[in-house]
1. Among Pro405, Pro439, which is open to solvent by 30 Å² or more (accessible area, probe 1.4 Å), under 30 Å from Ile28 (Cβ atoms) and without any contact (Cβ under 8 Å) to a residue 12 or more places away in the chain?
2. Where the second residue is within 6 Å of ligand 1 (Cβ to nearest atom) and hydroxyl-bearing (Ser, Thr, Tyr) and the first is touching a residue at least 60 places away in the same chain (Cβ under 8 Å) and part of a loop (DSSP other than H, G, I, E, B) and lies in the range 451-462, which pairs have Cβ atoms under 9 Å and are six or more apart or on separate chains?
3. State which residue is nearest to ligand 2 (Cβ to nearest atom) when the search covers only the range 467-485 and only residues that are in a strand (DSSP E or B) and surrounded by 21 or more Cβ atoms within 10 Å (Cβ to Cβ).
4. Looking only at the range 27-68, count every residue that is open to solvent by 80 Å² or more (accessible area, probe 1.4 Å) and either within 25 Å of Met94 (Cβ to Cβ) or modelled with pLDDT of 90 or more (or both) and tell me the total.
5. Of all residues being more than 12 Å from Leu31 (Cα to Cα) and part of a helix (DSSP H, G or I) in the range 66-84, which is farthest from ligand 1 (Cβ to nearest atom)? Just the residue, please.
6. I'd like the full set of residues that are open to solvent by less than 30 Å² (accessible area, probe 1.4 Å) and aliphatic (A, V, I, L, M), limited to the range 154-171.
7. I want to confirm something. Restricting to the range 284-304 and keeping residues that are assigned to a loop (DSSP other than H, G, I, E, B) and open to solvent by less than 20 Å² (accessible area, probe 1.4 Å), which single residue is nearest to ligand 1 (Cβ to nearest atom)?
8. Within the range 384-411, restricting attention to residues that are part of a helix (DSSP H, G or I) and within 15 Å of ligand 2 (Cβ to nearest atom), which residue is nearest to Phe456 (Cα to Cα)?
Amino acid sequence: MELGFPWWLRVEHFVNIVFVTFLIRSGIEILGTMPKLYRSLDSMPGTEWARFTVRQQPQNKFFGSIDEEEDYSSIVSMPGGNKLGVGRYWHWIMVIGFVVSGALYIILLFFTGQWQRYVPTSWDVFTQAWRDIVTYASFQIPEHPAGRPFNALQQLSYGFVILILSPFQILTGFMQSPAIAARWPWLSRLLGGRQVVRSLHFIGLGVYVAFIFFHVSMVVMHGYFRETSKMVLGDSARPLLGGAIFTLGLLLVVVLHVWATRVTLKRPRELERVTNVLWRPVLRVLSRLRSRQDYPESMISPYHRSNGRCPQTPEYQALVAHHYSDYRLEIGGLVENPMTLTLDDPRELSREYSQTTVHHCVQGFTSVGKWGGVPMHRLLELARPLPGASNVAFLSFQQMDRDDPGAGGDGFFYETVSWDEVNAEQTIVAFSLNDDDIPMDKGAPLRLRLETSTGFRMCKWVERIEVIGEYADIGKGRGGWWEDVDFYDRFQQI
Ligand SMILES: Nc1nc2c(c(=O)[nH]1)N[C@H]1C(S)=C(S)[C@@H](COP(=O)(O)O)O[C@H]1N2
Ligand SMILES: [Mo]
């Protein structure tokens, strides 16, 4: 068959320029909040195999993982200015476009026989591709077989990017989601664990960028106008017209980037709304996935990063001074049986329950810990929720403007958890980490563990648990402290 440039292939090529460039810039934003790549789930500082920051950890000062974030320029990152949440929103929006259009494209390739343009049918293609490289290296254009749109090198590289690299990026992207890694921990481990997956996703980005560089260079070598007009008009009969339209299209993409960056820096909540409309149906399904994590104790990390500074409130300080013996956990709100527990009660109710799981911070670091605690569903069974109960709020001792001014907000830290999530097997109120009392910086005496979600929701230094109806009525109404002050959505399981 004649393999020309059908219209759907040309449309796909153009929309892909938009998706891929947005994915690259927002991906760099995401990388910047944890600008180090690790091989091991511990993500132990000092063991990174690559770093994209010059910042060093100070010796005598508290250095939370938030202090590790890098603020890259908007020219390379989307939107720039250290806005991880917003960068994530762009990544998720574009990934939907990339996956949907990519799937359509691959279906069309196979139904129309156009797959032959990318899938070689003989091993000779490799020797031929090598000859093509040699030809290019001497600044000449290799021949390509009659009736074929590409030479062997082009066929191999395009086929690789479309049929191997892109699905690989999608897989390694999704496997970084705590909800997915929690549901299929074996798959995450098969790929080498979250940090290897993150590293592979980054290497995939590098290969993409290298491909784009060589691809664009080849187009220029072959003749910019002739080649780009194939991508607009389907042939090179009117190179000037085609080339001019293509150039205009590229300019449009640049304008789109500039506009999108400006708008999101100004009105990030609107971007959040768009993301939520697109993603909430998927996230609802994900939030029902039970975590099945059960890592062997031999994998427990020797070191865990900390995020958030300890409460400095007089009540909390007094508790610390008395080794938490005066601590009382109140469970109230929409329940028939409000309770006040001492620290011994959760221990007794836990019946020695523990889980060895991976902590996924939204920034990207992970570590494996053995958490002892009482499953929330047991506490709720005792408290007997009343009709109308649909969320559970965890309120912390930590008062952010006083205790952690660097985080950029005020009021007490809190998080609300949906009914599905709070009743999940691995949602616990933890009192021990690796068989010891939880250290102060990890949320002593009690903290929430929510294994299918990202770390920012796992409220530390819990003072009270309240069963509530709508979460919009508390705090600033977005369901949690970070949700209120930053651009992380509580339904995000990714
Ligand atoms: N009260 C409170 N809880 C909090 C935070 C915080 O700043 N304050 N930070 C969250 C974030 S962003 C993460 S990643 C985890 C970190 O838990 P760790 O210190 O045990 O690693 O706690 C979460 N719980
Ligand atoms: Mo975090």
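1. Values: Pro439 fails: under 30 Å from Ile28 (Cβ atoms).
Result of the check over Pro405, Pro439: Pro405.
2. Here the result reads Cys459/Ser396; Lys460/Ser396; Trp461/Ser396, each pair linking the range 451-462 to a residue that is within 6 Å of ligand 1 (Cβ to nearest atom) and hydroxyl-bearing (Ser, Thr, Tyr).
3. Here the answer is Gly480.
4. 3
5. Asp67
6. Of everything in the range 154-171, those that are open to solvent by less than 30 Å² (accessible area, probe 1.4 Å) and aliphatic (A, V, I, L, M) turn out to be Val161, Leu165.
7. Within the range 284-304, the first condition is being assigned to a loop (DSSP other than H, G, I, E, B), and the residues that meet it are 289-296, 300-304.
Imposing the further condition that a residue be open to solvent by less than 20 Å² (accessible area, probe 1.4 Å) reduces the set to 291, 293, 295, 301.
Details: Ser291: 16, Gln293: 16, Tyr295: 16, Ser301: 10 Å.
Among residues in the range 284-304 that are assigned to a loop (DSSP other than H, G, I, E, B) and open to solvent by less than 20 Å² (accessible area, probe 1.4 Å), the one nearest to ligand 1 (Cβ to nearest atom) is Ser301.
8. Top of the filtered list is Ala407.
The values are calculated or read from the model by the stated rules, or taken from the named source; none is laboratory data. Fair warning: this is a prediction, and the values are worked out from it, not measured in the lab. FYI the Cβ positions are ideal-geometry reconstructions off the backbone, even for glycines, and counts take in every protein chain you see. Please note that ligands, DNA and RNA were not included when accessible areas were found on the heavy atoms of the full protein model with its side chains. Shrake-Rupley method; radii C 1.70, N 1.55, O 1.52, S 1.80 Å.
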